[in-house]
1. Any chance you could count how many residues in the stretch 67-93 are within 21 Å of ALA34 (Cα to Cα), in contact with a Leu (Cβ under 9 Å, 6 or more places away or on another chain) and among the charged types (D, E, K, R)?
2. Answer yes or no as to whether GLY51 is of a type outside the set (Lys, Arg), within 15 Å of VAL123 (Cα to Cα) and modelled with pLDDT under 95.
3. When both residues are 6+ apart or on different chains and their Cβ atoms are under 6 Å apart, which pairs have a first residue that lies in the stretch 90-114 and is without any contact (Cβ under 8 Å) to a residue 24 or more places away in the chain, and a second that is aliphatic (A, V, I, L, M)?
4. Show the residue pairs that are 6+ apart or on different chains and have beta-carbon atoms under 6 Å apart, the first residue being within the stretch 67-83 and closer than 19 Å to VAL123 by Cβ, the second being in a loop (DSSP other than H, G, I, E, B).
5. Which residue is modelled with the lowest pLDDT, if the candidates are limited to the stretch 119-137 and must be part of a helix (DSSP H, G or I) and of a type in the set (A, V, I, L, M)?
6. Collect the residues in the stretch 57-105 that are surrounded by fewer than 20 Cβ atoms within 10 Å (Cβ to Cβ), farther than 15 Å from GLY43 by Cα and polar (S, T, N, Q), keeping them in residue-number order.
7. Considering only strands (runs of 3 or more DSSP E) fully contained in the stretch 11-118, which possess at least 2 residues that are more than 29 Å from VAL132 (Cβ to Cβ) and not charged (D, E, K, R)?
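The values are calculated or read from the model by the stated rules, or taken from the named source; none is laboratory data. Model, not experiment: these values are computed from the prediction. Cβ: placed from backbone, ideal geometry, glycine included. Neighbour counts: every protein chain shown.
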Amino acid sequence: MTDNTIRLTRRFPHPPQAVWKALTTPDLLARWWAPGDIAPTAGHRFTLDMGAWGTQQCEVLSVDPGTSISFLFAEGTLDTTVTWTLEAVEDGTVLHLEHAGFKLDTPMGQQAFDGMGSGWPGVLSRIDDVLVDAARP
């Protein structure tokens with residue numbers, strides 16, 4: 001059986017509150033990933049403007065404030081789940097990304113899995129640019 005989940009881990013020299021803010025504040029999220037009206041509230045429906053890949057419908061599935069957020073991504077097309085989990089460590093924060101539920105038996109699902117598997121590392125590296133701003137009160 002093939003694993004249909006992308007898993008990545010990044011360490012940041014910033015407190016969890018700053019990383020959480022970068023993940024869940026619309027203007028900061030737009031600076032490193034995609035414009036959208038995300039809110040860390042279960043049941044919140046929002047869109048992400050993925051540029052050439054179009055506007056993606058999303059819904060927050062679960063939230064543990066400051067620790068994790070999970071949302072349905074590309075509802076009606078990919079129907080995958082993105083989960084970000086923060087782990088406080090002595091010198092900052094470890095961010096765990098899990099992007100799950102790709103339908104690898106479909107051409108679109110396999111293409112999205114391959115593209116996002118190679119794309120997520122670059123996307124996550126752009127968080128560094130906003131964490132300094134996110135760390136401000």
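1. Total meeting the criteria: 1.
2. Values: of a type outside the set (Lys, Arg): yes; within 15 Å of VAL123 (Cα to Cα): yes; modelled with pLDDT under 95: yes.
So GLY51 passes the test.
3. GLN110/LEU104
4. Cβ pairs passing all conditions: ILE69/PRO40; THR80/GLY101; THR80/PHE102; THR81/GLY101.
5. Residue satisfying both the conditions and the ranking: ALA134.
6. Across the stretch 57-105, the qualifying residues are THR67, THR77, THR85.
7. Numbers: elements: 45-49, 55-64, 68-73, 80-89, 92-100.
Per the criteria, 55-64, 80-89.
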